[in-house]
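Contents: one structure, followed by commentary.
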Amino acid sequence: MTARVPAKVNVQLAVGGLRPDGFHGLANVFLAVGLYDEVTASPAGAPGVRLTVSGRDTRHVPLDDGNLAARAARLLAERHGRAPDVALHIAKDIPVAGGMAGGSADAAGALLACDALWGTRTPQSELRALAAELGSDVPFSLVGGAALGQGRGELLTPLEVGGTFHWVFAIADGGLSTPSVYRECDRLRVAAGTGADADSVPEPRPSQPLLDALRTGDAAALAASLTNDLQAAAVSLRPSLTDTLTTGSSAGALAALVSGSGPTCAFLAADAESAEAVAAALNASGHCRTARTTTAPAPGATLL
């Protein structure tokens, strides 16, 4: 059984202060985009989870218990009181450690593919609850489209999208650790004198102009509303991202931002032709490994 799962871009990532539980409250507007991984679950030839990977950046994908897809298979098996015997193969096309939720997408794909292979028929609500145990971005990878994530990002409210948005993604060499970016965000807040804890940082809230722009399909209005509270931290850890963002903006992008915790940079374009021009400029610049065009919204995890 094979599940196809999309990447995401955060069109708004508002980050609250550091909570006592070690997490940050979020107002996180997810948009699924048309870059996909495929996760295939097959009968195992031996006990346990056997994991293989092919495609882009496979050397950066963990093949041990740190892999979210393997953890997802074990969690689903535990939920149904069965042995977690399965062979998982991940065909990677989403950037690894690039701020586009590739690992979370693989976990969602593993949940869906294993559920189909094992015939466990887990209700969607239970799959989403299991996804939330695995990570804040995993539930959105199941549902796709667009959604507002609150809490740690796992409490989802579906959002209406009124059109197709054209995107360019500049893929960097190497990744950025999400925990490291959050720590840098906290450090920068303390250095600025605002404080970093939940009592010092305003409660994050979704932007109504941004939600309206998604609903009406207005690319220019969406461009004016894009925000990412982690961008300064990502750029602080990887200063070269400034050159990437400038290159795409100068080539005609409506807006540029770091995708999630980075280092992938996302550029919103007016149309397909503009997207191709931005991608060409980025590919010629030497400021990124490659630039890819796609559209949004995209469907969530889907059995093929």
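Quick look at the values:
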read-out	value
Answer from 205, 152 - the residue that is buried (at least 17 other Cβ atoms within 10 Å of the Cβ), modelled with pLDDT under 95 and either basic (Lys, Arg) or farther than 25 Å from residue 17 by Cα (or both)	152
Top-ranked residue in the range 247-304 [being part of a helix (DSSP H, G or I) and in contact with a Cys (Cβ under 9 Å, 6 or more places away or on another chain); ranked as surrounded by the most Cβ atoms within 10 Å (Cβ to Cβ)]	248
Residue among 71, 4 that alone is outside any strand (DSSP E or B), basic (Lys, Arg) and modelled with pLDDT of 95 or more	71
Residues within the range 212-243 that are in a loop (DSSP other than H, G, I, E, B) and under 23 Å from residue 286 (Cα atoms), tallied	3
Flag if residue 190 is crowded, with 17+ Cβ neighbours inside 10 Å, more than 22 Å from the chain's Cα centre (by Cα) and not polar (S, T, N, Q)	no
Residue satisfying condition, being out of contact with any Ser or Thr (no Cβ under 7 Å at 6 or more places or on another chain) and modelled with pLDDT under 90, within set 48, 16, 66	66
Residue that is touching a residue at least 40 places away in the same chain (Cβ under 8 Å) and either surrounded by fewer than 19 Cβ atoms within 10 Å (Cβ to Cβ) or among the acidic types (Asp, Glu) (or both), where the choices are 79, 121	79
Matching option when the condition is surrounded by fewer than 24 Cβ atoms within 10 Å (Cβ to Cβ) and either among the hydroxyl-bearing types (Ser, Thr, Tyr) or in a strand (DSSP E or B) (or both), among 45, 16	16
Extreme residue, nearest to the chain's Cα centre (by Cα), among residues of the range 85-124 that are of a type in the set (Asp, Glu) and part of a loop (DSSP other than H, G, I, E, B)	93
Filtered residues of the range 192-215 (kept if of a type in the set (D, E, K, R) and touching a strand residue (DSSP E or B) at 6+ places or on another chain (Cβ under 9 Å))	197, 199, 203, 205
Filter result for residue 220 (at pLDDT 95 or above and closer than 15 Å to residue 99 by Cα)	no
Residue match in the range 196-208 (condition: farther than 22 Å from residue 151 by Cα, touching a Leu at 6+ places or on another chain (Cβ under 9 Å) and not in a helix (DSSP H, G or I))	no
Subset of the range 125-145 that is more than 12 Å from the chain's Cα centre (by Cα), of a type in the set (Gly, Ala, Ser) and farther than 17 Å from residue 71 by Cβ - its residue that is surrounded by the fewest Cβ atoms within 10 Å (Cβ to Cβ)	125
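For every residue, the table says whether it meets (1) within 30 Å of residue 1 (Cα to Cα); (2) in the same structural domain as residue 12 (by TED's automatic domain parsing); (3) β-branched (Val, Ile, Thr).
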{"position": "262", "(1), (2), (3)": "no, no, no"}
{"position": "265", "(1), (2), (3)": "no, no, no"}
{"position": "270", "(1), (2), (3)": "no, no, no"}
{"position": "275", "(1), (2), (3)": "no, no, no"}
{"position": "278", "(1), (2), (3)": "no, no, yes"}
{"position": "281", "(1), (2), (3)": "no, no, no"}
{"position": "292", "(1), (2), (3)": "yes, no, no"}
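The values are calculated or read from the model by the stated rules, or taken from the named source; none is laboratory data. Since we're looking at a predicted model, the values are computed, not measured. Glycine also receives a Cβ, built like all others from the backbone with ideal geometry; neighbour counts cover every protein chain displayed.
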